[in-house]
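The values are calculated or read from the model by the stated rules, or taken from the named source; none is laboratory data. These figures come from a predicted structure and were not determined experimentally. So basically every Cβ, Gly included, is an ideal-geometry build from the backbone, and we count neighbours across all protein chains shown. Only protein heavy atoms, including side chains, enter the accessible area calculation; ligands, DNA and RNA are left aside. Shrake-Rupley method; radii C 1.70, N 1.55, O 1.52, S 1.80 Å.
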Amino acid sequence: MKWAIIGGGVQGCTLFNYLIKMKKASAEDICVIDPHNDPMELWRQYTGRISMSYLRSPVSHHIDVFNASLEQFVAIHADDKESAFSQPYDRPSLSLFNQHTQKTLQETQIMKSWIKGRLISLKRLTDSWQLIVDMTQSQEMFKATNVVLAIGNSEKPNWPEWARTEQKAGKDISHVFDQSFKLENKKGPILICGGGLTGAHLALKCADASPGNVTLATRQALKVSDFETDLSWLSEEKDQIYQQIHCYEERRNLISSVKEKGSITAAFKKSLYQSVASGALSITHTNAFSELCAKAKTVILATGFQSNPLGTECASTFLKEKAPLSKCGYPILDRKLQWLPNLYCIGGLAELELGPISRNIAGAKRGSERIVKSL
């Protein structure tokens, strides 16, 4: 096996497409190891769960190699081209994005490479890597010349301490990204906690279904930003500035300072306050979430995912080698995104090397380009 990609989400699927379409490997040369049945399964679950209509990112951000691929797909396949995009920035509808993704992965035949399982051990051999994979019923051993870690925290919802306390006290409280979460039959009044785009989507969905019974609670006033990370960080100029920072602590501080976490778009802010004006939704800003819990029958967290230091977690969970880590616990990579010889990282794990855009769709493309061009 030439390549083992650990993780079949946006990051892993993008890299798979780049390896195939840039003729660096065939589907038979690659295995994609992921615990789910299908590629990008969590993406579809999470975006469907909050009834996302349009992506936050523009039309050029997708999992295919060629930048105009999604735009061309829409031109051919969209029945209603006027509703295919949301302005500004030509944000594609989720439905068309998912259709394009499915078509792209069918073209590159990813299911020939798909292995349903979880990596539990990764060990360096003389000229390859040994992988032990938990296949539920058994453990299997694989060998690959190159391994790419394309994993994140998407299975680890962030639960604030106050929420755990309320849950232990018997409150009906859950996280929208819990694997077992179901919105059906949730009783009002409903309290939704979280000021980002996920909370906004969920608040509007619940307010439509049960007007007047929904409150969106945030710690501060709603923060508006077109993107979580400004698109200027995709420019060559900004990348050069970033690469001139040699201190990893400075890089971490810069990443933290430029990300607009917990923000929503201007269009969503307008929609939220239209819902407030109609009486379907209430919005409150507070730190006293426990007090609000007492007035709600159902509490739903929209508080994102844990921000664990991914490199430290990888090293302690399955990497049987000493690998360089920064003080913040993330991998120190070379320009090729190598952590150790022939062991690559992409997505959140590559944040200190790729910069603020590493975790999003554009970062998946940037990371895939970096790896493929180094071969």
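Structural remarks
- Residues of segment 218-233 satisfying the condition of being within 19 Å of Gln274 (Cβ to Cβ) and either under 22 Å from the mean Cα position of the chain (by Cα) or open to solvent by less than 40 Å² (accessible area, probe 1.4 Å) (or both): Thr218, Leu222, Lys223, Val224
- Counted as qualifying within segment 114-176 are the strands (runs of 3 or more DSSP E) with 1 or more residues that are within 30 Å of Leu202 (Cβ to Cβ), namely 114-116, 118-124, 173-175.
- Looking only at residues of segment 284-305 that are outside any strand (DSSP E or B) and open to solvent by 70 Å² or more (accessible area, probe 1.4 Å), we find that the one that is nearest to Lys186 (Cα to Cα) is Lys297.
- Where Arg91 falls short, out of the listed (1) on the phi < 0 side of the Ramachandran plot; (2) surrounded by fewer than 19 Cβ atoms within 10 Å (Cβ to Cβ): (2)
- Against the test of being under 24 Å from Val176 (Cα atoms) and among the hydroxyl-bearing types (Ser, Thr, Tyr), the options Ser121, Ser154, Ser138 yield a single qualifying residue, Ser154.
- Residue under evaluation Ala68, criteria (1) open to solvent by 20 Å² or more (accessible area, probe 1.4 Å); (2) closer than 19 Å to Val148 by Cβ; (3) aliphatic (A, V, I, L, M), criterion not met: (2)
- Single residue of segment 234-273 satisfying the filter (closer than 16 Å to Pro331 by Cα and in contact (Cβ under 8 Å) with a residue 40 or more places away in the chain) that is most open to solvent (accessible area, probe 1.4 Å): Glu249
- Selection from segment 36-59 of residues that are over 29 Å from Glu260 (Cα atoms), within 17 Å of the chain's Cα centre (by Cα) and open to solvent by 40 Å² or more (accessible area, probe 1.4 Å): Asp38
- Single residue of segment 155-181 satisfying the filter (without any contact (Cβ under 8 Å) to a residue 40 or more places away in the chain and within 20 Å of the chain's Cα centre (by Cα)) that is least open to solvent (accessible area, probe 1.4 Å): Asp178
- Meets criteria (under 29 Å from Met22 (Cα atoms), among the acidic types (Asp, Glu) and open to solvent by 30 Å² or more (accessible area, probe 1.4 Å)) for Glu321: no
- Looking across segment 103-145, just one residue is aliphatic (A, V, I, L, M), closer than 23 Å to Phe66 by Cα and open to solvent by 30 Å² or more (accessible area, probe 1.4 Å), and that is Met111.
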